[in-house]
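Each remark here refers to the structure printed beneath this line.
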Amino acid sequence: MSSTPSEQNCYFCKVSRGEADPFIFENRSFVGIFDTHPVNPGHALMIPRRHVLSIFQLTETEQADYFDAIRGVKAAIEDTDLKELYLNMLGRDDLKDRPKDHIETVLKLSFLGNKPDAYTVGNNDGREAGRSIDHLHVILLPRYRGDVDDPKGGIRNVIPGRANYPRR
């Protein structure tokens, strides 16, 4: 199978070929990696092996593998010594020219050694939704008690001021 120029230059295609960022999970349709710009300890990505832009373009096979990948990446997050992971990231040769501020911030968090209390699972499906790399990637973001002052509204807070609504 030949690849297009966009696939040849796509960072997540490079990842899915095993040319960058070590896998923490893989199945026939997805690979999982730890994000090298973590928002919280254990921040990970699920990336389709096939170059695809949108979750709505997944084949039936890829859809069948999606939840297996979520469970597999979640297990990898919970089985990893995250402090050791981030200390190792600081010394990785392939990351030497990238900013390390996200990694250094995560290493200072008081809940770094804790197991996640919850997860936010998300996908910025399109540039207008905030996607920065034009290859589908699903974010598994471990959440910890106290990581934000008020988590109420959850993902609705991506549009500030619109997360509050009356609950019955």
Pairs with Cβ under 7 Å, 6+ apart, first in segment 26-37 and closer than 20 Å to Asp65 by Cβ, second charged (D, E, K, R) and part of a loop (DSSP other than H, G, I, E, B): Ser29/Arg49; Phe30/Arg49; Val31/Arg49; Ile33/Asp21
The listed residue being touching a Lys or Arg at 6+ places or on another chain (Cβ under 6 Å) and of a type in the set (A, V, I, L, M), out of Ala118, Ala75, Ala64: Ala118
Answer residue from segment 105-141, given it is of a type outside the set (Ser, Thr, Tyr), under 13 Å from the mean Cα position of the chain (by Cα) and not in a loop (DSSP other than H, G, I, E, B) and is modelled with the lowest pLDDT among those: Gly122
Selection status of Thr59, closer than 28 Å to Asp117 by Cα and either surrounded by fewer than 19 Cβ atoms within 10 Å (Cβ to Cβ) or in contact (Cβ under 8 Å) with a residue 60 or more places away in the chain (or both): no
Any chance Pro41 is touching a residue at least 60 places away in the same chain (Cβ under 8 Å), over 20 Å from Asn114 (Cα atoms) and over 10 Å from the mean Cα position of the chain (by Cα): no
Complete set of residues in segment 139-154 that are surrounded by fewer than 16 Cβ atoms within 10 Å (Cβ to Cβ) and touching a residue at least 60 places away in the same chain (Cβ under 8 Å): none
Asp93 being under 30 Å from Gly18 (Cβ atoms), exposed (fewer than 13 other Cβ atoms within 10 Å of the Cβ) and not aromatic (Phe, Trp, Tyr): yes
Pair list, Cβ under 7 Å, 6 or more apart: segment 105-121 residue within 13 Å of Lys83 (Cβ to Cβ) and among the small types (Gly, Ala, Ser), other residue in a strand (DSSP E or B) and at pLDDT below 95: none
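The values are calculated or read from the model by the stated rules, or taken from the named source; none is laboratory data. Small disclaimer: the values here were computed from a predicted structure and weren't measured. When we count neighbours, we look across all protein chains shown, and the Cβ atoms used for this are built from the backbone with ideal geometry, even at glycine.
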